[in-house]
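Engineer: My structure is below; once you've seen it, I'll send some questions.
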Amino acid sequence: MIRFGPKLEKQQILLGRFVDIGAELFAMASASARAASLNDQAAIDLAREFGAMARVRIERVFREIGSNTDRGNYRLAQRVGEGDFNWLDEGML
C-alpha cells in the first residue's frame with residue numbers, strides 16, 4: 001500500500017471485475033467439459049443454457065468496466081471514513 005498508494009485501492013475494484021469475468025469463463029468451460037464427458041443431451045442442453053446466462057453476466061461486467069460509479073463511490077467512502085456521516089448512528093442501539 002505504501003509503495004502504490006491510494007491508486008491501488010481503485011485498481012482493486014477493476015481487477016475484481018476481471019476476476020469475476022475469469023470465474024464465469026472457468027465455470028462455463030467446466031460445465032461444457034463435464035456435459036461433453038457425460039455425452040448426455042440433457043447435460044449438454046443444461047450446459048448450453050448455463051453458458052447463455054453466464055455470457056449475459058460477463059457482458060454486464062464488461063459494461064461496468066467502462067461505465068461505473070467507482071469514483072463517486074470512492075469519494076463517498078473517504079467521507080464515511082472521515083466521519084461526515086456519523087449523524088446516521090444517532091439514535092441507534
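Readers should treat all values here as calculations from the given coordinates under stated rules, not as data from a laboratory. These numbers were taken from a predicted model, which means no experiment stands behind them. With ideal geometry, Cβ positions are generated from the backbone for all residues, glycine too; neighbour counts draw on all protein chains shown.
Engineer: No solvent, one uniform scatterer per C-alpha: report log10 I(q)/I(0) for the chain via the Debye equation at q = 0.21 1/Å, two decimals.
Structural biologist: Each listed q maps to, in turn, -1.01.
Engineer: Check each of the GluC sites (Glu not before Pro) in segment 18-93 and keep only those in coil by DSSP with at most 14 other C-beta atoms within 10 angstrom; list them in order.
Structural biologist: Passing both the DSSP loop test and the Cβ count: Glu90.
Engineer: Classify segment 43-93 from the C-alpha gyration tensor, please: rounded if a/c falls under 1.5, else prolate or oblate depending on whether a/b exceeds b/c.
Structural biologist: Verdict is oblate for segment 43-93.
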